[in-house]
Amino acid sequence: MTPPKDSSSGHAAAGDALSAVSFRFTPLTKRADFQRASRSPRVVTDGFILQMRRRAIGEATGMRVGFTCSKKVGNAVARNRAKRRLREIARLVLEERGRDDTDYVLIGRHKTTAVLPFEQLRTDLIRALNTLHGKSK
């Protein structure tokens, strides 16, 4: 038995299709990159600390993002939850507000990153980016 045929063509119009690919950033993985970012301008918010470093010409290209949480944030479960939340706000906000040839490091804070409302973390990141981008002109 065969399923009934669909009367539509099976293809969405060009403007109707949603992209299945979400924004992906290059992660910071080397300790030296995190240390260079730690000497750069930063903004402290209730939920996290954001550090931003403009890379010199000739260094790696594109936007890179790093996430870190110390043991002060809590046990491994709490640290991983905090980093997941930071990753998600970075994915949502940096796609449209991040700059190429820039390293961003988000640092989780004790007892707040994992419990603050998600929208507050998101607006804090937007505000922090506006502050740092204004300083680096």
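The values are calculated or read from the model by the stated rules, or taken from the named source; none is laboratory data. What you see is a predicted model; the values in this text were computed from it and never measured. FYI the Cβ positions are ideal-geometry reconstructions off the backbone, even for glycines, and counts take in every protein chain you see.
Is it the case, given these coordinates, that T102 is surrounded by 15 or more Cβ atoms within 10 Å (Cβ to Cβ), without any contact (Cβ under 8 Å) to a residue 60 or more places away in the chain and polar (S, T, N, Q)? Yes: the conditions hold for T102. Out of all the residues in the range 49-69, is one or more in a loop (DSSP other than H, G, I, E, B), at pLDDT 90 or above and acidic (D, E)? Checked the range 49-69: no residue is in a loop (DSSP other than H, G, I, E, B), at pLDDT 90 or above and acidic (D, E). Looking only at residues of the range 23-52 that are touching a Leu at 6+ places or on another chain (Cβ under 7 Å) and of a type outside the set (D, E, K, R), we find that the one that is surrounded by the fewest Cβ atoms within 10 Å (Cβ to Cβ) is P41. Remark: pairs (first residue in the range 75-98, free of Cβ contacts under 8 Å to residues at least 60 places away in the same chain; second residue surrounded by fewer than 19 Cβ atoms within 10 Å (Cβ to Cβ); Cβ separation under 6 Å; 6+ apart in sequence or on different chains) = I89/R122; V93/I126. A single entry from V73, V115, V77 fulfils the requirement of being in contact with a strand residue (DSSP E or B) (Cβ under 8 Å, 6 or more places away or on another chain), β-branched (V, I, T) and at pLDDT below 95: V73.
Please verify whether L129 is in contact with a Gly (Cβ under 8 Å, 6 or more places away or on another chain) and part of a helix (DSSP H, G or I), treating the condition exactly as stated. Considered against the rule, which asks whether it is in contact with a Gly (Cβ under 8 Å, 6 or more places away or on another chain) and part of a helix (DSSP H, G or I), L129 comes out as yes.
Considered as a group, the residues in the range 1-46 that are at pLDDT 65 or above and small (G, A, S) include one that is nearest to R64 (Cα to Cα), and that residue is A37. Filtering A78, A90 for residues that are closer than 15 Å to L121 by Cα and surrounded by 15 or more Cβ atoms within 10 Å (Cβ to Cβ) leaves a single hit, A90.
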